[in-house]
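Enquirer: Take this structure, written in structure tokens, and hold onto it; I'll ask about it next.
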Amino acid sequence: MHKDIAVGRIIIAIILSALSFFSHSNNVGYPLEIHKPLSTLSQNKPIVILPVIARSPDASRARRIVFDSVVTEIKKTGWKAVTISEDNYRKLLERHEKELGYNPDPITGIKFREESGPLLKALFSEIFASGDYSAVLFVSVKRVAARFRNKTIKWHGVERKLIRTSKVRLKVRTGYTPALSIVTFLVGEDLEPVYSSTAGLIHPYTYERVKGKVERSEHPEAYLASDHITEGVRLALDPLLKLTKKDITRPPP
């Protein structure tokens, strides 16, 4: 197994375990959980944005443009952003795994889901100890099952068109199709979750007729739909982006 894929699956297992603290929702609406007031964050301190994680080929193709969009949107609000390279992030994880004696299954990630607490605490603690930061932001892109009706797909707060060639007629008028969503969660200086959210991004597929059969294939142009990606990113980061200067805690002069 390729090392990047294995590490990606391991990180996803960590994230899934961390998200177990959060409430679950179906994929039709816009899942958002705020665990404590975001006004407790200090805008004088930067937010650390970790590399975007993806565990499927289609999600992986979208992760870099999603990462750039996340950084851009956060900086537009006046927040300072600090990023960590993928190599450094991988080394950080691998070192803590070794120190904690973790020997996870890279396919299922079961051990991480059972024992992720110490690893997450060690990871967050080192990041906060390395600088004066307000929060750490995890971002992942995942493939989900999005519901469509006729030519419209709706999932996680967004709406997209079902792309198909003129010769294609689907046998069903409603059903599910793969789509990509962004998952975020923000962790504060006290190592406790601040908020988590999920928002739809793109539907990178098209349906076409091949040798008399309707087949689904990737639609590369969808990855270039920056307006769709920006919409999803803004929706996922909405609580953070809505904070104004007067809402944000500042240290006394």
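Only the coordinates and a few stated rules stand behind these numbers; no lab work does. Computed from a predicted structure; not experimentally measured. Ideal geometry is used to build each Cβ from the backbone, glycine not excepted, and the neighbour counts take in all protein chains shown.
Enquirer: Can you order the peptides 86-97, 128-139 by their average number of other Cβ atoms within 10 Å per residue, highest first?
Expert: Packing proxy ranking, top to bottom: 128-139, 86-97.
Enquirer: Give me the extension gain from E159 to D190: residue separation times 0.36 nm, minus the current Cα-Cα distance, reported in nm with one decimal.
Expert: Contour length minus Cα-Cα distance gives 7.5 nm.
Enquirer: Expected output is a single nm value to one decimal: the length gained when fully extending between R95 and I34, i.e. 0.36 nm times separation in residues minus the C-alpha distance. What is it?
Expert: My answer for the length gained is 18.8 nm.
Enquirer: For D227 and N44, FRET efficiency with R0 = 35 Å and r from the beta-carbon atoms, rounded to 0.05?
Expert: So the FRET efficiency works out to roughly 0.60.
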